[in-house]
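The values are calculated or read from the model by the stated rules, or taken from the named source; none is laboratory data. Small disclaimer: the values here were computed from a predicted structure and weren't measured. Because the Cβ atoms are built from the backbone with ideal geometry, glycine has one as well, and the counts that use them run over all protein chains shown.
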Amino acid sequence: MAISWAMQRQPGGAGRVYPPPTRGWEQGTILLGNPTDRSIEIVIHPKMDGTGTIAYGTATLSERSPSFGLKAGKPSRITLNGLRPDTSYRYRLTIRNTESEAQSPEYRIQTQRAQGESFSFFVQGDSHPERNPKMNIPALYQRTLETAAEEQPDFFVCMGDDFSVDTLHERTAGTIEGVYRKQVPYLGLVAHSSPLFLVNGNHEQASKANYDGTAASLGVLVQNARNRNFAQPAPDGFYSGNPEELKHIGHLRNYFAWTWGDALFVVIDPYWHSEVAVDNAVGKGPRSDGGGKRNRDLWNVTLGERQYRWLTKTLEESQAKYKFVFAHHVHGTGRGGVENAPYFEWGGKGRDGADEFKAKRPGWALPIHQLFVKTGVTIFFQGHDHIFCRQELDGVIYQSTPVPADGSNELINGDAYRSGDKVVGAGLVRVGVSPEKVTVEFRRSFLPDAEKEGHRHGEVAHRYEVKPKGARSGK
């Protein structure tokens, strides 16, 4: 399905166009995913037909992949196997046809870090390209991603609401594909060298509430568009995760975990495991179980039995020095961080403060937050609220992530956070991991004409450090 970048209309907008980035490889976009100790998956979105080969190596590009066919406008993928653990590779894609040959720039592959090795990764909050220009200025989004790429992080995590399907006037296979394709050249600015991990958000509408088992259901169209255009993990020995395969989809690839260096990474998802719409139903405001936003019963929002058991086993069995958990939001809905943690499946209390956990989740050992405390989770990352705020509860840091390209310089949803370090502005969260500590930085983003009053693009607006569990954490 060929889609012209320049002609993609903004979902929900009155004829507005979301432009492609002004830089990038002119013959396509390359997205890395699913790195392991010995392999990497490469998704290629070519703009020309031809035969592709990948040359790669450490000092020189002496290794060659098998040849593979490419068709303009259609994503293809190849996996490079036989790589060495804890090794940095260079690679380059060449596309040839009877009329021409095109070579990509040299990019980077990093295999799994060994214990004791330092590395970094970036976390992106809700990018919302459909909200251009109120919450996403394309030029600022491009600048933010390019700045992250310059630091060569080992991977890049998106916290959801990067592919807003619910704002489409018509939700068809073609329009949904366009939403996912629109992000490809932007995320490719960093994902050509930093594998991409996607967290499911509410606006993606990838949920059990939108799945009826038919090929035309919204859940199928959305999840297949995601899995077709981006590489995400299914259980394979290196990654653990959701083993269930759904009709017309296969593996959802919606929750998964992996170990890298001294850290465990865990992505969780309430949307595909709750019978009700967790936040906003398609074409409606936030609601679940048919009730209004204020009256809905959030006990109906759940990770589900299988995901909860997997999460418990993953956290309890890991001996990693640091443990990071990612979800779009506490409960997948609402506003605030630790303010929501004591309630429902997350903390065990009902709306009136009474402990209802054993009655509502029979057979479950602990609510999610208490599980985090018991197993030594270092940081829980969430999006949804479009704000940088660091909070802490019972030794677990709750880190809310800002939007990457909002030029308004406003403190969004600040009233929902009654404690913690709240910082205004757009940008990314950079996390540096070393054997001694984790360093978290809020890197602000500015367009050149907004660099005023001493502010500069890429500046560190807030920074704190976290020691391994057993040592005191501090700023």
For the subset of segment 130-151 comprising residues that are crowded, with 18+ Cβ neighbours inside 10 Å and among the small types (Gly, Ala, Ser), which member is nearest to Gly432 (Cα to Cα)? Ala148
The condition from (1) at pLDDT below 95; (2) buried (at least 17 other Cβ atoms within 10 Å of the Cβ); (3) on the phi < 0 side of the Ramachandran plot that Ser4 misses is numbered (2)
Scan segment 154-181 residue by residue and report those that are surrounded by 22 or more Cβ atoms within 10 Å (Cβ to Cβ) and either within 13 Å of the chain's Cα centre (by Cα) or more than 16 Å from Gln223 (Cα to Cα) (or both). Asp154, Phe155, Phe156, Val157, Cys158, Met159, Gly160, Asp161, Asp162, Phe163
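For Ser400, are the conditions met, namely being at pLDDT 95 or above and closer than 11 Å to Phe388 by Cα? Give the derivation first.
Values: at pLDDT 95 or above: yes; closer than 11 Å to Phe388 by Cα: yes.
Yes; evaluated as a whole, the condition is true for this residue.
Rundown of residues vs (1) within 22 Å of Asn229 (Cβ to Cβ); (2) touching a helix residue (DSSP H, G or I) at 6+ places or on another chain (Cβ under 6 Å); (3) touching a residue at least 60 places away in the same chain (Cβ under 8 Å); (4) small (Gly, Ala, Ser), yes/no style:
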position	(1), (2), (3), (4)
Lys74	yes, no, yes, no
Glu101	no, no, no, no
Arg108	yes, no, yes, no
Arg113	no, no, yes, no
Glu117	no, no, yes, no
Gln124	yes, no, yes, no
Total residues in segment 97-116, condition surrounded by fewer than 12 Cβ atoms within 10 Å (Cβ to Cβ) and either within 29 Å of Phe155 (Cα to Cα) or of a type in the set (A, V, I, L, M, F, W, C) (or both): 2
When you scan segment 257-270, do you find a residue that is at pLDDT 95 or above, touching an Asp or Glu at 6+ places or on another chain (Cβ under 9 Å) and not in a loop (DSSP other than H, G, I, E, B), even just one? yes
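If you go through segment 53-73 one residue at a time, how many are aliphatic (A, V, I, L, M) and more than 22 Å from Arg84 (Cα to Cα)?
In the first step, residues of segment 53-73 are kept if they are aliphatic (A, V, I, L, M); the result is 54-55, 59, 61, 70, 72.
Retained after the next criterion (residues that are more than 22 Å from Arg84 (Cα to Cα)): 70, 72.
Residues meeting the conditions: 2.
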When residues of segment 78-96 are limited to those that are in contact with an Asp or Glu (Cβ under 6 Å, 6 or more places away or on another chain) and more than 23 Å from Leu145 (Cα to Cα), the one surrounded by the most Cβ atoms within 10 Å (Cβ to Cβ): Thr79
Here the residues within segment 57-72 that are in contact (Cβ under 8 Å) with a residue 12 or more places away in the chain and of a type in the set (Val, Ile, Thr) are Thr58
Restricting attention to segment 122-129, does a residue exist that is among the acidic types (Asp, Glu), surrounded by fewer than 24 Cβ atoms within 10 Å (Cβ to Cβ) and assigned by TED's automatic domain parsing to the domain that holds Arg430? no
Having 1 or more residues that are among the acidic types (Asp, Glu) is the bar; report the helices (runs of 4 or more DSSP H) wholly within segment 327-430 that clear it. 344-347
Just to be sure before I move on: is Thr87 out of contact with any helix residue (DSSP H, G or I) (no Cβ under 7 Å at 6 or more places or on another chain), at pLDDT 95 or above, among the hydroxyl-bearing types (Ser, Thr, Tyr) and more than 17 Å from Pro153 (Cβ to Cβ) in the structure I sent? no
Which is closer than 20 Å to Arg181 by Cα, in contact with a helix residue (DSSP H, G or I) (Cβ under 6 Å, 6 or more places away or on another chain), modelled with pLDDT of 95 or more and buried (at least 17 other Cβ atoms within 10 Å of the Cβ), of Pro21, Pro11? Pro21
Checked segment 231-251 for anything closer than 20 Å to Arg171 by Cα and among the hydrophobic types (A, V, I, L, M, F, W, C); matches are Ile249
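Give me the helices (runs of 4 or more DSSP H) completely within segment 128-246, filtered to those with at least 1 residues that are of a type in the set (Asp, Glu), ordered by residue number.
Numbers: elements: 138-150, 173-191, 218-229.
Those helices (runs of 4 or more DSSP H) span 138-150, 173-191.
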Going residue by residue through segment 108-125, is there one that turns out to be closer than 22 Å to Gly425 by Cα, outside any strand (DSSP E or B) and at pLDDT 95 or above? yes
The one condition Val460 fails out of (1) surrounded by 14 or more Cβ atoms within 10 Å (Cβ to Cβ); (2) of a type outside the set (D, E, K, R); (3) at pLDDT 95 or above is (1)
I'd like to check something: does segment 365-376 contain any residue that is surrounded by fewer than 19 Cβ atoms within 10 Å (Cβ to Cβ) and closer than 21 Å to Asn242 by Cα? yes
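Can you find even one residue in segment 37-47 that is modelled with pLDDT of 95 or more and farther than 17 Å from Ala231 by Cα?
Filtering segment 37-47 down to residues modelled with pLDDT of 95 or more leaves 37-47.
Restricting the remaining residues to those that are farther than 17 Å from Ala231 by Cα gives 47.
Within segment 37-47 (the criterion being modelled with pLDDT of 95 or more and farther than 17 Å from Ala231 by Cα), the answer is yes, since at least one residue qualifies.
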Closer than 24 Å to Phe156 by Cβ and either in contact with a strand residue (DSSP E or B) (Cβ under 9 Å, 6 or more places away or on another chain) or surrounded by 21 or more Cβ atoms within 10 Å (Cβ to Cβ) (or both): is that true of Pro243 in this structure? no
Every listed condition ((1) part of a strand (DSSP E or B); (2) of a type in the set (Lys, Arg); (3) farther than 15 Å from Phe121 by Cα) holds for Lys452 save (1)
Test: Leu303 is modelled with pLDDT of 95 or more and in a loop (DSSP other than H, G, I, E, B): yes
Among what's in segment 35-77 and is in a strand (DSSP E or B) and of a type in the set (Gly, Ala, Ser), pick the residue that is surrounded by the fewest Cβ atoms within 10 Å (Cβ to Cβ). Gly69
